[in-house]
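Below is one structure, written out as structure tokens, with a few remarks after it.
What follows is calculated from the coordinates using simple rules that are stated; it is not laboratory data. Being a predicted model, the structure only gives us computed values, none of them experimental. Glycine also receives a Cβ, built like all others from the backbone with ideal geometry; neighbour counts cover every protein chain displayed.
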Ligand code: FES
């Protein structure tokens, strides 16, 4: 009995990995060949899984967590972030600040836009100078959550400015702070 449960689990796991192989093959190989921290593979792979309707739970979650070398809870948080991006049409904020750009933000944004394009109408993007996650960016914000690429996680944006009816400075905003 125990043996057959184990065999069922391992069959489920290899089926999940086969599905993941197919999804991963549809993404640029460089994402996975690269250093694990740099390319944004967790965000893009989980987004691709969710866009194809795969529930991030059970055996599939375990396989995904194993593949990404992340704790399952972290993968669930990334899936929730992806679901949020896909479910509502609110603009997505992309950091094009110096540090994020040095860590290939533009490439990550391109892949993210490509995958969202397959789901529906063109999305609105805001490009900003900084999301205060420089140490581990490139950073992508949606709602009050930020995907931080080199930390390989989603964090909550708890900055004080969010309570003051202001926001990140747009790349096209050339105004200067008003001097006292
Ligand atoms: S430069 Fe992107 S978070 Fe600061």
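For this structure, a couple of remarks:
- Full-stretch length increase - residue 106, residue 73 - with 0.36 nm per residue and alpha-carbon distance subtracted: 9.1 nm
- Here the gap between residue 151 and residue 14, fully extended at 0.36 nm per residue and compared with their Cα-Cα distance, gives a gain of 46.5 nm.
- Each label point was placed 7 Å from the Cα along the Cα-to-Cβ direction; for residue 90 and residue 118 their separation is 2.6 nm.
- Listing 115, 13 from fewest to most neighbouring C-beta atoms within 10 Å gives 13, 115.
- FRET efficiency for the pair residue 83 and residue 127, taken as 1/(1 + (r/R0)^6) with r the Cβ-Cβ distance and R0 = 22 Å, rounds to 0.40.
- Hydrodynamic radius of segment 2-163 per Kirkwood, over alpha carbon pairs, in Å: 16.3 Å
- Averaged over residues, the count of other Cβ atoms within 10 Å places the peptides 44-50, 65-71, 136-142 in the sequence 136-142, 44-50, 65-71, highest first.
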